[in-house]
Amino acid sequence: MIRKARLRDVRDIHRLISHFAKTGQVIPRPLGELYECVREFFVYEVPEKDLIAGACGLHVVWEDLGEIRSLVVSEEFQREGIGAELVRAALAEARELGLKRVFVLTVVPDFFERLGFREIDKGELPHKVWADCIRCPKFPECDEVALVRELEDGRA
């Protein structure tokens, strides 16, 4: 079940992000920051196991631009479409907010291309996007690909 994150989910979100940050798939996020931005997140909850098995954030960057960030799905639940559903939920919210474009920086561009994102040059993104990069262990040798999805077509 996909829903908006609640405060009680933050430690589970942090656990998932920390796990995947160790593998270099996402940027680490401090627990305090996750509490501050909990409203940005969607989670995939497995109620029968009382488990948060996935998370995805939508961060508003500017009046017309958002970022999909910290998309994580527990290994045992991967390849079930959960990541795609989390991204679709974030895109739907982006449309509701009035965003025109959503971008992602990722090491798995093919996943996002299947969801309608297209690759762009990182230089096309505003400079404020790079504030998170300083925390990345890969900085300044970034291996992530920038992709963008236009939302003006009315579909998420």
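The values are calculated or read from the model by the stated rules, or taken from the named source; none is laboratory data. These numbers were taken from a predicted model, which means no experiment stands behind them. Glycine also receives a Cβ, built like all others from the backbone with ideal geometry; neighbour counts cover every protein chain displayed.
Would you mind stating whether LEU115 is surrounded by fewer than 18 Cβ atoms within 10 Å (Cβ to Cβ), out of contact with any strand residue (DSSP E or B) (no Cβ under 6 Å at 6 or more places or on another chain), farther than 21 Å from LEU151 by Cβ and among the aliphatic types (A, V, I, L, M)?
Details: surrounded by fewer than 18 Cβ atoms within 10 Å (Cβ to Cβ): yes; out of contact with any strand residue (DSSP E or B) (no Cβ under 6 Å at 6 or more places or on another chain): yes; farther than 21 Å from LEU151 by Cβ: no; among the aliphatic types (A, V, I, L, M): yes.
It is false that LEU115 is surrounded by fewer than 18 Cβ atoms within 10 Å (Cβ to Cβ), out of contact with any strand residue (DSSP E or B) (no Cβ under 6 Å at 6 or more places or on another chain), farther than 21 Å from LEU151 by Cβ and among the aliphatic types (A, V, I, L, M).
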Just one of the numbered conditions (1) surrounded by 13 or more Cβ atoms within 10 Å (Cβ to Cβ); (2) without any contact (Cβ under 8 Å) to a residue 12 or more places away in the chain; (3) not hydrophobic (A, V, I, L, M, F, W, C) is not true of GLY32; which one? (1)
Within the group GLU85, GLU76, which residue is surrounded by 15 or more Cβ atoms within 10 Å (Cβ to Cβ) and among the charged types (D, E, K, R)? GLU85
Kindly establish whether VAL38 is in contact with a strand residue (DSSP E or B) (Cβ under 6 Å, 6 or more places away or on another chain) and either touching a residue at least 12 places away in the same chain (Cβ under 8 Å) or among the polar types (S, T, N, Q) (or both). no
Residue within segment 36-43 that is in a helix (DSSP H, G or I) and closer than 24 Å to GLU150 by Cβ present: yes
Cβ contacts < 9 Å: first residue touching a residue at least 60 places away in the same chain (Cβ under 8 Å) and assigned to a loop (DSSP other than H, G, I, E, B), restricted to segment 102-120; second residue of a type outside the set (S, T, N, Q) and surrounded by fewer than 16 Cβ atoms within 10 Å (Cβ to Cβ), any location; separation 6+ or different chain. Result? VAL107/GLY24; VAL107/ASP143
Considering only residues of segment 61-96 that are part of a strand (DSSP E or B) and farther than 15 Å from ARG149 by Cβ, which is farthest from the chain's Cα centre (by Cα)? TRP62
Just wondering, is there one or more residues in segment 40-58 that are more than 17 Å from ASP12 (Cβ to Cβ), surrounded by fewer than 17 Cβ atoms within 10 Å (Cβ to Cβ), under 12 Å from the mean Cα position of the chain (by Cα) and modelled with pLDDT of 95 or more? no
So ALA84, is it within 21 Å of GLU33 (Cβ to Cβ), at pLDDT 90 or above and among the hydrophobic types (A, V, I, L, M, F, W, C): no
